[in-house]
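The values are calculated or read from the model by the stated rules, or taken from the named source; none is laboratory data. In this text the structure is predicted, and so the values were computed from the model without any measurement. Glycine gets a Cβ as well: all are built from the backbone with ideal geometry, and neighbour counts include every protein chain shown. These area figures cover heavy atoms from the full protein model, side chains too; ligands, DNA and RNA do not enter into them. Shrake-Rupley method; radii C 1.70, N 1.55, O 1.52, S 1.80 Å.
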Amino acid sequence: MKVKKTFPKILWLIFSSSIFFILLYFALFYYTKKAEKQVYENSIEQFNHEVTKLLEVNSKPILVAINNDTNWDEFVNFIKTKNAKWYNETIGNELEIYAADYLGAYDADKNFIIRTPTPKIRTIDFIPKKEMELLDKIGVNKFYMKIPEGIVEVTGAAIHASNDPLKNKTPTSGYFFVVRLMDIKFIKNLEKLTSSAIMFTDTNVVFPKHKNEISALYKLTDFDNQFVGELLFKRSFEVYFENAIRILYIIIVAFIINLLINLIYTRKLVYYPLDLIRRVLETGNRRAIKELKKTTGEFSYIGALFEENNNQKVELINARIKAEESDRLKSSFLANLSHEIRTPMNAINGFTELIINTKISENEKLEYLNVIEKSGKNLVGIIDDLIEMSKIDSNQLVPNLTIVNLDSLVGELYETVKVTIQNKDIDFKLIQPKSPAQFNIITDDIKLKQVIINLLTNALKFTEKGSVTFGFEVDEKNELIHFTVKDTGLGIDEDNHKNIFDRFKRVDSDISIKVGGLGLGLAISKAYVDLLGGTISLESKIGEGSTFYFSIPLQYSKVEHISVKPINNVETAKTEEETILIAEDDNINFLLFQKMMQNKNYKIIRAVNGQETVDICLNNPNIDMVLMDIKMPIMNGFEAFEQIKPIRPALPIIAQTAYSSSDDKIKIEEAGFTDYITKPLNRERLFELIDIYLNKDKRNEI
């Protein structure tokens, strides 16, 4: 009887347990399918976003380069003159820069001018005129189209003068197009970039989805948004959810065979992992994901998938935060830039207005003019820093290696800086090296000087009283030169050490606000040190001062030291009237030359363009000196110099230029100019150059 009573209970227990486990199975099946669907959909969405971003990144260099080229006055001039030589020497050489197969230019009437193709593209003129009409409205556009060679990616831009950066104030001067053929090489590069397999079709086809792979479809459209083709990106996506279902069947059979064992391990093997999956799906609990990875079987795989998905979300959030921080820093930098530019401009405009519109004494006028001059120099310094930073960002700087006498270079810098701080209560010292360089070294002396000057200027700015020292040591064992700049000034908080070389961050304090500036000096210095193959670092404490260290590679030239002989200062002797030709197309700049030299016994002749400069020099042997503007119409200063120099090699030709970066100075020196002077003009520098070169022969006679 007991058996009869127990047996039905056992049967009921088995039956009820089976029902319970079947329900549990369906619950697991539901959550598994839900997890599979969510992970799969998230992966597809992420893959589509990734492909789009990578294709944007792939096109970014072309967009940057084409914006630079089409916002160029010389390109505008080419459209008018159709000078094929200029095009082939400048734009035509940029196929590798653009990584393109075809470069083409059209005039404002949408007529083809010239092209630069690779052997892949033989078609000459294939750009639709409607696309050019679209460029008149939007400036820059990327689209796809079919040509006999295949489907091509076309990036076009309207050509405008540099004074119209928004490309909407003046009519379009012409059009420039960069074309890449979407051949096997192009597809292979995309596959490498996106880490996926790519299928290409020029028809609208619906591709079937597969469980074990994810795909992203990128449609190619022409300028009129019409279908041209499609790129299907595929990536393997291995998820073994089917095994989880099989395991459940095995568990059901095992549960019926051995009820007690299943009852003991049900919670551990089924319920707990399901609960973790639920918690992950509902709340994204990171601890639950870790615990799920520790489980056995397919639940561990599911945990790994959840973790990967979660990590991708974290990366996206971090990227967004970083982008927002970058935007915030740039906004702060631009606000600071606006303030720093407006400050000297306010002084220049304000004191100029006072001089013009109020009655003031000569002493007051001199005081106001000194303020205007100082503000103008500050403004030029800000502009120079911005230009240099722009060149660094666009990777336009390369080291110009020369043979340098390191002892002379450092000594000259010491004497130069020492003169500028005579009115400050600072002990300024040059620490002599324990082991000086045995030979001249090979490095970029201009950039090395600029790094040292930037660090010294920074130290002197933030040291009201105390000492500033600098020096170097040669480390032949490690083939390095170690430089040190130390001050006892304000010091830098340790929290700001990591940001001190960041171009968009400045350590704000009462003194930094007082001295002004964009804070780009240290960022430029780090870029120069990196360019020279070195490293830079600092040690600093608030109230104790700062020490900057930087090292550059040691490379001996293995020749004798170059001795540097100072130029003796000789007073300008005026015994007769000398003739100076000023090549300057700007009336205001020429007027400034006239006013500067009106009390001197010079005969001034003007040329308003490069061709006129050449004609005057070749037809007038009485010209004693030429002040040559680099940027002039018809013929620029370099071209004019090339025509004058072979015929009149002894004629001093001084380049006058608004370009002030180290690379521009090197270009002027390599061209062979006698010397150069930068704008805004410095009166003392002007007369110093006249004294050196105009009266050079007379001093030799004496």
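Classification of region 393-464 by its C-alpha gyration tensor yields an oblate form. The axis ratio a/c (a ≥ b ≥ c) is 1.5 or more, and b/c is at least a/b. Between MET345 and PHE439, the simple spin-label model (points 7 angstrom out along Cα→Cβ) gives 5.3 nm. Pairs from the table (LYS34/LYS290; LYS85/LYS645; LYS429/LYS679; LYS234/LYS293) lying more than 30 angstrom apart at Cα are LYS429/LYS679.
So what's the net charge close to GLY672: Lys and Arg +1, Asp and Glu -1, counting the other residues with Cβ under 14 Å from its Cβ? So the surrounding residues net to -1. Potential lengthening of the chain between ALA99 and GLN594 amounts to 173.2 nm, from the contour at 0.36 nm per residue minus the alpha-carbon distance. Taking amide H atoms as placed 1.01 Å from N in the peptide plane, the amide H of PHE223 lies under 5 Å from those of TYR144, each 5 or more residues away in sequence or on another chain. The length gained by stretching the chain between LYS185 and SER467 to full extension, at 0.36 nm per residue less their Cα-Cα distance, is 95.4 nm.
In this structure the amide hydrogen of PHE237, modeled in the peptide plane, comes within under 5 Å of the amide hydrogens of GLU213, ILE214, none closer than 5 places in sequence on its chain. The accessible surface of region 594-695, taken with every protein chain in place and a 1.4 Å probe, is 46 percent carbon and sulfur.
Length gained on full extension, ILE147 to SER59, computed as 0.36 nm times the residue gap minus the Cα-Cα distance: 29.7 nm. Leaving out ligands, DNA and RNA but keeping every protein chain, what accessible area does TYR30 have, in Å² rounded to the nearest 10, with a 1.4 Å probe? That residue has around 130 Å² of solvent-accessible surface. For the pair ASP475 and ALA671, a Förster radius of 60 Å applied to the C-beta separation gives a FRET efficiency near 0.95, rounded to the nearest 0.05. Taking a Cβ cut-off of under 15 Å around THR488, the surrounding Lys, Arg, Asp and Glu residues balance to a net charge of 0, with basic ones at +1 and acidic ones at -1.
Charge tally around GLY534: other residues with Cβ under 15 Å, Lys/Arg +1 each, Asp/Glu -1 each, net -3.
Which of the three applies to region 572-694, rounded, prolate or oblate, going by the alpha-carbon gyration tensor with a ≥ b ≥ c and a/c under 1.5 meaning rounded?
rounded
Each label point was placed 7 Å from the Cα along the Cα-to-Cβ direction; for VAL314 and ASN363 their separation is 7.1 nm. Peptides 101-108, 65-72, 88-95, ordered by how many other C-beta atoms sit within 10 Å of their residues on average, highest first, read 101-108, 65-72, 88-95.
In terms of its Cα atoms, region 28-175 spans 76, 37, 27 Å along the principal axes, sorted from long to short. Computing FRET efficiency as 1/(1 + (r/R0)^6) for SER537 and LEU681, where r is the C-beta to C-beta distance and R0 is 41 Å, gives about 0.55. Placing R0 at 30 angstrom, the Cβ-Cβ distance between TYR30 and THR296 gives a FRET efficiency of 0.90 after rounding to 0.05.
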